[in-house]
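Just below is one structure, and these are the notes that go with it.
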Amino acid sequence: MSDFTNASSVLQTATSAHASDIFIVAGLPLSYKVHGAIQSSGDRLMPDNTEALIEDIYRLAGNRSMQRFLECGDDDFSFAIPGLSRYRVSTYKQRGSLAAVIRVIAFELPHPDELGIPPVILGLTSMTKGLILVTGPAGSGKSTTLSCLVERINTTRENHIITLEDPLEFLHRHKKSIVSQREISTDTDNYLTALRAALRQSPDVILLGEMRDHETIQTAMTAAETGHLVLSSLHTIGAANTISRIIDVFDASQQHQIAVQLSMVLRAVVSQQLVPAVGGGMIPAFEIMVMTPAISNMIRDNKTHQIEGIIYTSAKEDMISMDNSLLQLYRAGRITKETALQHCTNAEMMKKKLG
């Protein structure tokens, strides 16, 4: 990849190279993340280069004002270039200079099979109420999985789907469902305001980009309790950790009440991570927990640490531990033994199973 002087060329090159992210940081060459590896291009960028590129990006984003960014030091937005791709931009100041990380988002959501999302996860969309959580570290593909669930509902059910995202990623056309997509800070002030308003907008399904604080979590659980299907995400790994994180957000005096409520509204937790595939690229591994009476009792009785064991030993098709998911990928020749060991939760047990 060669050096560039304008943002359009940078975006064109990144999209053609199937890069997932673009890094514009002073002191480094222009850098791209392709299949999980960072590649650099051209000469080192100076602060005036990064400023010129970022000004050009704001121009491409419909001449978006830079005032908020320059005052606060951070800004998030998304925009599209017809015929090329969509882009999610996070601009920030570092060492007194302007910097940006840009996520490249395809116009068309890839087919779940291409993404490695198993049918059992898509099958969760048959639920009509309750809370479904997709969790994992940043950059593990949570937004893509959630978009696939929304798209499955959009093509199979006559619903009103409201998505609350920061910023918007995949754009959904109205198919069988009506899809209202709202971007935080552009279409509404914040998640909590938008979520409370959504309950008055006759929704069947609400996608909440992220459950960030106890008020949003409380409102999301109330929405799930009152007959809506709520899809959301958290930056946690594993169902047990996810449940503990939600309960721990609240004051000690409220935790038992929240645990009881969560035991009634939670329907499933999907945890995912991207791991290196044999032959290059990345492949997702999933832990799937679907609510059972036993798990519900464990949440209510503050025994969430026992949930991992239930998932690990489950023979049900719709329940799989992260380690068993990695084992399946290894046995199918999709990942190496080293990758399975590196990303598993119980290394001793994994070593025995790998032989």
| remark: Output for Cβ contacts, cut-off 6 Å, separation at least six or different chains, first residue without any contact (Cβ under 8 Å) to a residue 24 or more places away in the chain in segment 91-110, second outside any loop (DSSP other than H, G, I, E, B) and surrounded by 17 or more Cβ atoms within 10 Å (Cβ to Cβ), reads Y92/A99
| Would you call V270 over 26 Å from T345 (Cβ atoms), within 18 Å of the chain's Cα centre (by Cα) and surrounded by 19 or more Cβ atoms within 10 Å (Cβ to Cβ)? | no
| Of all residues in segment 298-319 being among the acidic types (D, E) and over 19 Å from M350 (Cβ atoms), which is modelled with the highest pLDDT? | D301
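Okay, residues lined up against (1) over 23 Å from S185 (Cβ atoms); (2) at pLDDT 95 or above:
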| site | (1), (2) |
| --- | --- |
| S41 | yes, no |
| E55 | no, yes |
| R59 | no, yes |
| D76 | no, no |
| task | Hey, could you check segment 19-30 for residues that are free of Cβ contacts under 8 Å to residues at least 60 places away in the same chain and over 18 Å from K93 (Cβ atoms) and say which is surrounded by the fewest Cβ atoms within 10 Å (Cβ to Cβ)? | result | P29
| remark: Those residues of segment 313-337 which are part of a loop (DSSP other than H, G, I, E, B) and surrounded by 21 or more Cβ atoms within 10 Å (Cβ to Cβ) amount to M319, S321, I335
| task | Note down all Cβ pairs under 6 Å where the first residue falls in segment 258-281 and is closer than 18 Å to L124 by Cβ, the second is of a type in the set (D, E) and in a strand (DSSP E or B), and they're at least six residues apart or on different chains. | result | S271/E287
| said: Going by what's in this entry, would I246 be described as buried (at least 17 other Cβ atoms within 10 Å of the Cβ), under 24 Å from I320 (Cβ atoms) and within 20 Å of the chain's Cα centre (by Cα)? | reply: yes
| query | Quick one: what pairs do we get from segment 299-311, first residue farther than 17 Å from R267 by Cα, second among the β-branched types (V, I, T) and modelled with pLDDT under 95, C-beta under 9 Å, 6+ apart or different chains? | reply | none
| Cross-chain or 6+ apart pairs with Cβ under 6 Å, segment 39-57 first and free of Cβ contacts under 8 Å to residues at least 40 places away in the same chain, then small (G, A, S) | S40/S31; L45/A26
| Looking only at segment 98-131, which residues are assigned to a strand (DSSP E or B) and either surrounded by fewer than 18 Cβ atoms within 10 Å (Cβ to Cβ) or at positive phi (or both)? | V101, G130
| Filtered residues of segment 342-355 (kept if part of a helix (DSSP H, G or I) and more than 16 Å from Q272 (Cα to Cα)) | A347, E348, M349, M350, K351, K352, K353, L354
| query | Somewhere in segment 131-154, is a residue assigned by TED's automatic domain parsing to the domain that holds V205, of a type in the set (V, I, T) and at pLDDT below 95? | reply | yes
| query | How many residues are outside any helix (DSSP H, G or I) and surrounded by fewer than 18 Cβ atoms within 10 Å (Cβ to Cβ) if we restrict to segment 250-266? | reply | 2
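The values are calculated or read from the model by the stated rules, or taken from the named source; none is laboratory data. The structure presented is a predicted model; accordingly, all values stated were derived computationally and were not measured. Don't worry about glycine lacking a Cβ; one is built from the backbone with ideal geometry, like all the others, and counts go over all protein chains shown.
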